[in-house]
Amino acid sequence: MGNFSNAFMLSGLITRMTQALQINLEYNTDLLCTNHDSGLTATEKESRRRLMWSCYVMDSLVGSGVDQLTLVDEKDMKIQLPCNERNFVQQIPCLTETLEAGNWLKFIGDNVDIRTLLPNMGMMAYFVRHISVRKKVLRSICLVEKDPFRNFCSNGYSRYIKHLDNAMVPWDPDSEFASLDEECRAWYESLPPSLQFTPNAIYIRKDSSQLGALCVLHCAHYQTICDLYRLGAPALYKLRAAFDFPIDQQEFLRHLQQVLFDAARSLATIIGETARHGCRMLADSWLPTITYDSCRIMVYHLTQILDSRDENTKFLMTETLPLIRSNVQSLRAMGSINAIAISLCSAAETMLERSGIGSEVISQNIIPDDPYQSFGDSEETSESLPGTPVQSAPDYVLNPLSIFRMARKSIPERHAPEKARTSSAPNSACPDSVADLDQNVSDKVGHGISYLEEDNGTSQGNLEELQTLFMSDLGWAWQPADTAVGSGIDAAGLLPWAGGFSTTQAEPWLPVFPFPQQH
């Protein structure tokens, strides 16, 4: 629906709910449900896992790889990956691997036939694994745009360094870029035949109403490749710290540009093939942005990277033009089910028209930076005041179409963190008062957050009452700390506050606190 501010705020609320419900932990150690008195059925346990992994994916996509915006950490995900649809529908309990390939939950023990774990994993499990890889790629991008000279740590994350002699250039086989590239390709090669984008898989997934999911699975991979290889197209992505490739590494630069172009064409092919089976297969809200980025990359490569006078370029344009037009048609079709697709379709059509692809005259500088710029105030372009420190904010390292950037555009607060202001700046340059700003933000998010207020002389329950609400002695046997039952908040069923909420209140997911009577 394009309500980005609500999406951003609700994602934080959902994260708190997962923590309260502790669905990031296995309910107990009886994963195969051999004890029928353990509290939950195999279907209920698997539903908890799928819910938590869905929240993990949502948090990852909203955070866009920025640590400041990401609330769910992989190390806290102490549950196994979702099982395949056959086992889930037929209520067959099974064991799967955890987020890290080749691993399983520690309390299961070592007496596990690892050959049975992978076949138990379905499309959702592989998608979750890719999202974890994508988070690393996006985190790397966010840091390299702040400081291109970084080192690679053994845990797979980046850190800043101060000395250029320690920097690892991207063409170094031991660099972070090479490691992330290998991780992306290893994930793709791990896909079983049933999850590859082949005619057989398309037929099977369409018959089981999963063609849209298969499309998103592969589009996510190629979109991540595009994000990783954007290093070779700093002008396209407006990188703040473009990397300078030396003369002897021009071949590597051309390799980056070619992989980026090929990934964009693969995206167009996948989306176009999926669209042939009906626009409802393109209902995922991520696809319009992916489709539009595919257009931008192809147009940029044909008009900015290649020599338009070369005969090979003209032949390549003839081959690529149908893919760009296919993307535009797909965006137009998605407009009936996704509000963002309408504007992106218009921007893509304008971009194609101005590029001159398919004609004798190829235009330059025709790629729009942000198709939504006309919807809000444009960003300030003035430099920071002399002598003042430059601040850092996620706004300036994220794709203009990311959820956070779009949420910021819909919030009436035009503070530009990197445009430093001194204390002597005029009052007109300052934002509204805190009270007014809080009211405006509250209006924008639809009053989605409610507060506990005093009512008729009552007051909030004391700490002991709150502890009683969330704790109960249900006689559970000992469980490891990485299960919900043994983690310190023992509860029956899915809700830690089971029996403690009213089904008649407007927001039944919030606990009702028992208030003492006033005398």
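Of all the residues in the stretch 115-137, those that are under 20 Å from the mean Cα position of the chain (by Cα) and not basic (Lys, Arg) number 12. Scanning the stretch 178-215 for residues that are among the acidic types (Asp, Glu) and under 21 Å from the mean Cα position of the chain (by Cα) gives 181, 182, 183. Applying a threshold of 9 Å to beta carbon distances and a minimum spacing of six or more residues, or different chains, the list of pairs starting in the stretch 115-128 at a residue that is at positive phi and ending at one that is in a helix (DSSP H, G or I) is empty. Report, by residue number, each residue of the stretch 23-49 that is closer than 17 Å to residue 98 by Cα and out of contact with any strand residue (DSSP E or B) (no Cβ under 9 Å at 6 or more places or on another chain). Correct list: 23, 30, 31, 32, 47. The C-beta contact set for the stretch 323-337 (first residue assigned to a helix (DSSP H, G or I), second residue of a type in the set (Lys, Arg) and modelled with pLDDT of 95 or more, distance under 8 angstrom, 6+ apart or interchain) comprises 323/265.
Residues that are crowded, with 16+ Cβ neighbours inside 10 Å, touching a residue at least 12 places away in the same chain (Cβ under 8 Å) and under 19 Å from residue 231 (Cα atoms) do occur in the stretch 305-312, at least one of them. For the stretch 318-327, the tally of residues that are surrounded by fewer than 22 Cβ atoms within 10 Å (Cβ to Cβ) and in contact with a helix residue (DSSP H, G or I) (Cβ under 8 Å, 6 or more places away or on another chain) stands at 4. In the stretch 99-113, of all residues being surrounded by fewer than 19 Cβ atoms within 10 Å (Cβ to Cβ), under 19 Å from residue 29 (Cβ atoms) and not basic (Lys, Arg), the one that is farthest from the chain's Cα centre (by Cα) corresponds to 111. Out of 26, 46, one residue alone is touching a helix residue (DSSP H, G or I) at 6+ places or on another chain (Cβ under 7 Å) and under 20 Å from residue 112 (Cβ atoms). It is 46.
The number of residues in the stretch 47-71 being part of a loop (DSSP other than H, G, I, E, B) and in contact with a Ser or Thr (Cβ under 6 Å, 6 or more places away or on another chain) comes to 2. Of the residues examined, residue 241 is not one that is at pLDDT 95 or above and either assigned to a loop (DSSP other than H, G, I, E, B) or among the aliphatic types (A, V, I, L, M) (or both). From the list 300, 203, 229, the lone residue that is among the aromatic types (Phe, Trp, Tyr) and more than 22 Å from residue 188 (Cβ to Cβ) is 300. Kindly indicate which of 287, 260 is of a type outside the set (Lys, Arg), closer than 21 Å to residue 176 by Cβ, touching a Gly at 6+ places or on another chain (Cβ under 9 Å) and crowded, with 17+ Cβ neighbours inside 10 Å. Going through 287, 260 in turn, the sole match is 260.
Could you list, in sequence order, all residues of the stretch 1-31 that are assigned to a loop (DSSP other than H, G, I, E, B), at pLDDT 90 or above and among the hydrophobic types (A, V, I, L, M, F, W, C)? Scanning the stretch 1-31 gives 23, 31. Just so you know, in the stretch 155-212 the residues that are over 28 Å from residue 273 (Cβ atoms) and β-branched (Val, Ile, Thr) include one that is modelled with the highest pLDDT, and it is 169. Among the residues making up the stretch 32-46, those that are more than 21 Å from residue 106 (Cα to Cα) and in a helix (DSSP H, G or I) are 43, 44. Look at the stretch 220-241: where a residue is basic (Lys, Arg) and a partner is crowded, with 22+ Cβ neighbours inside 10 Å and modelled with pLDDT of 90 or more, sitting 6+ places away or on another chain with Cβ atoms under 8 Å, you get 230/260. Would you confirm, using the coordinates I've provided, whether residue 102 is in contact with a Lys or Arg (Cβ under 6 Å, 6 or more places away or on another chain), over 18 Å from residue 216 (Cα atoms) and in a loop (DSSP other than H, G, I, E, B)? Taking the combined requirement at face value, the residue does not satisfy it.
The values are calculated or read from the model by the stated rules, or taken from the named source; none is laboratory data. Here the structure is a predicted model, which means the values were calculated and not measured. Every residue, glycine among them, receives a Cβ derived from its backbone with ideal geometry; neighbour counts consider all protein chains shown.
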